[in-house]
Amino acid sequence: MFEEPGAHAVPGDRSVASLLTRAGLTGVSRGVLAGAAVLCLLALALVGWRLSGLGAADDAGLVFEAGAAGGEAGAAEPATGADAAVDAPPETLWVHVAGAVASPGLRELPGGARVGEAVAAAGGALPGAALDAVNLARLLTDGEQVYVPTAEEVAAGGGLPAAAGVAGAPGTGAGQGAAGGVDINTAGAAELEQLPGVGPATAAKIVADREANGPFTAPEDIMRVSGIGEKKFESMRDLIVVR
């Protein structure tokens, strides 16, 4: 029990005794009060620690959710850059329509046009034209020549002009080649440039590839050459011979 403040009590003790008296704790020992004070301090420290931990967890959750949202947004973005530019067809293209058509010459067509549209733009095929020997569904490429042979030329077998290899494209199956087609295993750079979309640089790559990796075993093998993708291959599929 606490002693009543006496004459020998210091002013600080009298203040403490007065507070204890007001709180009704005059019967509680100093040791119990000190222990209670320590427990209170520990409780406050624990609460503060838990609150700071929850705040950090919430911050981490926000960062994770923001990162996930950013990843989803990035995945949803359309492909851009060189690949998109390569896949995008030109707005217009120019082709030279020759052979058995009513009005041969240079024709401007919209990007994505096909051989049949080029023939129609040249006034249509003449009587005696061998349209069955031309792949009218083939996509055109800028700067190529579309050659429509006559039935006599087809019957002659391989008697088509050299330019027919760039254009007319008799519609044979993949790997069978076409009359006047280009053998990608033996053709030189100049001959390879007759293929749609093949310029000097690509022709040089084809020659270098077959020298480094061996001959092509099927027309599709030409896609192993850098710069020749599926779309470009489809435009030359019927013009390629592999022997």
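The values are calculated or read from the model by the stated rules, or taken from the named source; none is laboratory data. Bear in mind the structure is a predicted one, so any value in this text is a computation, not a measurement. Here Cβ is always computed from backbone atoms with ideal geometry, including for glycine, and neighbour counts include all displayed protein chains.
Residue pairs whose Cβ atoms lie under 6 Å apart, sitting 6 or more positions apart in sequence or on different chains, and linking a residue in region 188-202 that is surrounded by fewer than 13 Cβ atoms within 10 Å (Cβ to Cβ) to a partner that is polar (S, T, N, Q) and in a helix (DSSP H, G or I), do not occur here. Out of Leu136, Leu195, I need the residue that is in a loop (DSSP other than H, G, I, E, B), closer than 16 Å to Asp238 by Cα, modelled with pLDDT of 90 or more and not hydroxyl-bearing (Ser, Thr, Tyr). Which one? One residue alone meets the criteria, Leu136.
Looking only at region 139-155, which residues are under 27 Å from Phe233 (Cβ atoms), out of contact with any Asp or Glu (no Cβ under 9 Å at 6 or more places or on another chain) and assigned to a strand (DSSP E or B)? Working first, answer last.
Step one: list which residues in region 139-155 are under 27 Å from Phe233 (Cβ atoms), which gives 139-149, 153-154.
Pick out the ones that are also out of contact with any Asp or Glu (no Cβ under 9 Å at 6 or more places or on another chain) and you get 141-149, 153.
Across region 139-155, the qualifying residues are Gln145, Val146, Tyr147, Val148.
To keep it simple, each residue is scored yes or no on (1) modelled with pLDDT under 70; (2) surrounded by 10 or more Cβ atoms within 10 Å (Cβ to Cβ); (3) assigned to a helix (DSSP H, G or I).
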position	(1), (2), (3)
Leu25	yes, yes, no
Ala36	no, yes, yes
Leu44	no, yes, yes
Asp59	yes, yes, yes
Gly71	yes, yes, yes
Leu93	no, yes, no
Gly116	no, yes, yes
Val119	no, yes, yes
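The set of residues in region 95-112 being buried (at least 20 other Cβ atoms within 10 Å of the Cβ) and in a loop (DSSP other than H, G, I, E, B) consists of Ala100 alone. Among the residues of region 126-145, count how many are under 15 Å from Pro104 (Cα atoms) and charged (D, E, K, R). Residues that pass the stated criteria total 1.
Against the definition (at pLDDT below 80, closer than 24 Å to Leu106 by Cβ and not small (Gly, Ala, Ser)), how does Leu160 come out, yes or no?
Working: at pLDDT below 80: yes; closer than 24 Å to Leu106 by Cβ: yes; not small (Gly, Ala, Ser): yes.
Judged against the criteria, Leu160 is a match.
Could you go through region 217-230 and let me know if any residue there is modelled with pLDDT under 85, crowded, with 18+ Cβ neighbours inside 10 Å and in a loop (DSSP other than H, G, I, E, B).
From region 217-230, those modelled with pLDDT under 85 are none; that's our starting set.
No, because not a single residue in region 217-230 is modelled with pLDDT under 85, crowded, with 18+ Cβ neighbours inside 10 Å and in a loop (DSSP other than H, G, I, E, B).
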